[in-house]
1. Quick one: which helices (runs of 4 or more DSSP H) sit completely within the stretch 168-266 and have at least 1 residues that are of a type in the set (D, E, K, R), within 16 Å of ligand 1 (Cβ to nearest atom) and open to solvent by less than 30 Å² (accessible area, probe 1.4 Å)?
2. Given Ala117, Ala86, which one is open to solvent by less than 30 Å² (accessible area, probe 1.4 Å) and more than 16 Å from ligand 1 (Cβ to nearest atom)?
3. Which ones in the stretch 133-163 are under 30 Å from Glu295 (Cα atoms) and open to solvent by less than 10 Å² (accessible area, probe 1.4 Å)?
4. If a residue has to be farther than 23 Å from Pro247 by Cβ and assigned to a helix (DSSP H, G or I) to count, how many in the stretch 7-44 make the cut?
5. Which of the residues spanning the stretch 89-114 are of a type in the set (Phe, Trp, Tyr), under 18 Å from Asn422 (Cβ atoms) and open to solvent by less than 20 Å² (accessible area, probe 1.4 Å)?
6. Would you mind telling me which numbered condition in (1) at pLDDT below 95; (2) under 23 Å from the mean Cα position of the chain (by Cα) Leu186 fails?
7. Can you pull out every residue in the stretch 279-329 that is of a type in the set (Asp, Glu) and part of a strand (DSSP E or B)?
Amino acid sequence: MATQYVSEHIVRSYFTDAMSHMYREEVPAYAGLVDLVDEVNDRVLAGNLDLASQIESEGGQETLRAERHGAIRIGKAEELNILRRAFAIMGMFPVGYYDLSVAGLPVHSTAFRPVKADALAENPFRVFTSLLRLERIEDDELRAVAEEILSERQIVSDRAVELIEQAEKQNGLTRADAREFVAEMLETFRWHSTANVDHKTYQKLKSQHPLIADIVSFKGPHINHLTPRVLDIDAAQAMMPEKGLNPKETIEGPPLRKSAILLRQTAFKALTEKVEFPDQQGASDAGEHTARFGEIEQRGVALTAKGRGLYDELLANAKNRASSGDGLYEDLLVEEFSKFPDGWDELREQELAYFSYILKVVPSCEGKIEPGASFDLKQLIADGVIEAKPITYQDFLPVSAAGIFRSNLSSDDSDLYASDSNQEQFEKDLGTAVLDPFELYEKQQLASIRECQDRFMNVLAE
Ligand code: OOG
Ligand code: NI
């Protein structure tokens, strides 16, 4: 009998589940956030039967409760490269390039995520992955120290590397190997309460940028947050203080709307945790480090380049007006976004968002497709023969990501810096080009139109 390999989705689900358990144990406040999310979601579902049946059809509670994303920060090209290979085995591929230099952050990033619609439906877990840009450490001596420390570390175990090579060669893993692989990968993302550097080096790195200290001072890229899906992010944000969680000041992304767009997210601020710093004498020095937090997200429709242009413009207006004292950011955001059409039909007709089209089968289209009729998408939608379903946004937003980083780095620097994007170098380090998110949504929309067209022709031929 041929050896049976498990699907990438299964490996990814093992991984999501294992990360969730580990992080809830490592960070009890995160377990508290998960409880809060369950409470909010239960309440929303009890009051919205349509949504409840939709969630049921998408896999029910188990799918709803699985985390949507997490984030890590890594130090060198080899780490990015080996993680790219590890994530591929879980069916996660690099999508998008995020230049965070505009927010004064010494990293650039991508998101490893499933790409195809069926894979996303199985389990959409994504890992936002940021690579340190050593060249942004100004002090030559300190840069050399950081480089030296990073050059010595190996974040993926020898056994994990073996399993990665095996999976690549045979194009899959058996269930037992998949379990072992996930257990090995968990070690990569585990927290280390003892640092890799002495206290003085840590302080120096931190004074350059807290992010540099977080990346360089530890044995590996600890998972710094996980993010479940919440069905009412405004309610969850309001409830955090009463659950003993300290939320960031504002929800990132667009304001609350009838037709949700892109991504709204918020977090409780990173905790300050005890860390031991080894010294030259083999003893250690007690200190602390602030990095780990918990986040929640709520997603809406993916926007076209045109829609995204409008989103970026309105968001920038709200931010600029708030910083010049024009009013409260939340109020200004709502005011600015009144210029963004709020209804699925408008979003579709003005080509601001992506939709997936479905030709309804008989009897609903009976009598509506006349012999000899031509395929007119607009007309068929108007006639109720074709249904347009919003395509969910699967990616991240650089301005939001910068806001999440900042609220967790004990730095309130919100200035904008000149862009210093270097996608070419990032892709060289990654070992492949990142996928373009707009192209992915475009393709999905187009494929759905083609399928409608084929089915339409079949109905005509009947
Ligand atoms: C990543 C922050 C970005 C998001 O959801 O936008 C992020 C980090 O803090 O490492 O996770
Ligand atoms: Ni996040």
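The values are calculated or read from the model by the stated rules, or taken from the named source; none is laboratory data. This one's a predicted model, so the numbers in the text were calculated from it and none came from an experiment. In this analysis, Cβ positions are derived from the backbone assuming ideal geometry, glycine residues included, and neighbour counts consider all displayed protein chains. SASA here: full protein model, heavy atoms, side chains in, ligands and nucleic acids out. Shrake-Rupley method; radii C 1.70, N 1.55, O 1.52, S 1.80 Å.
1. Numbers: elements: 175-188, 199-208, 210-216, 233-239.
So the answer is 210-216.
2. Details: Ala117 fails: open to solvent by less than 30 Å² (accessible area, probe 1.4 Å).
Going through Ala117, Ala86 in turn, just one is open to solvent by less than 30 Å² (accessible area, probe 1.4 Å) and more than 16 Å from ligand 1 (Cβ to nearest atom): Ala86.
3. Passing the criteria: Arg133, Ile137, Ala146, Leu150, Val156, Ala160.
4. Of the residues in the stretch 7-44, the ones farther than 23 Å from Pro247 by Cβ are 7-18, 21-22.
Retained after the next criterion (residues that are assigned to a helix (DSSP H, G or I)): 8-18, 21-22.
Adding up the residues that qualify gives 13.
5. Step one: list which residues in the stretch 89-114 are of a type in the set (Phe, Trp, Tyr), which gives 93, 97-98, 112.
Cutting the leftovers down to under 18 Å from Asn422 (Cβ atoms) gives us 97-98.
Answer for the stretch 89-114, where residues must be of a type in the set (Phe, Trp, Tyr), under 18 Å from Asn422 (Cβ atoms) and open to solvent by less than 20 Å² (accessible area, probe 1.4 Å): just Tyr98.
6. (1)
7. Filtering the stretch 279-329 for residues of a type in the set (Asp, Glu) gives 279, 285, 288, 295, 297, 312-313, 326.
Matches in the stretch 279-329: Asp285, Glu288, Glu295, Glu297.
Condition check ((1) touching a Lys or Arg at 6+ places or on another chain (Cβ under 9 Å); (2) more than 26 Å from Arg406 (Cα to Cα)) across all residues:
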residue: Pro28; (1), (2): no, no
residue: Val34; (1), (2): yes, no
residue: Arg43; (1), (2): no, yes
residue: Asp50; (1), (2): no, yes
residue: Gly59; (1), (2): no, yes
residue: Lys76; (1), (2): yes, no
residue: Phe112; (1), (2): yes, no
residue: Asp118; (1), (2): no, yes
residue: Arg133; (1), (2): no, no
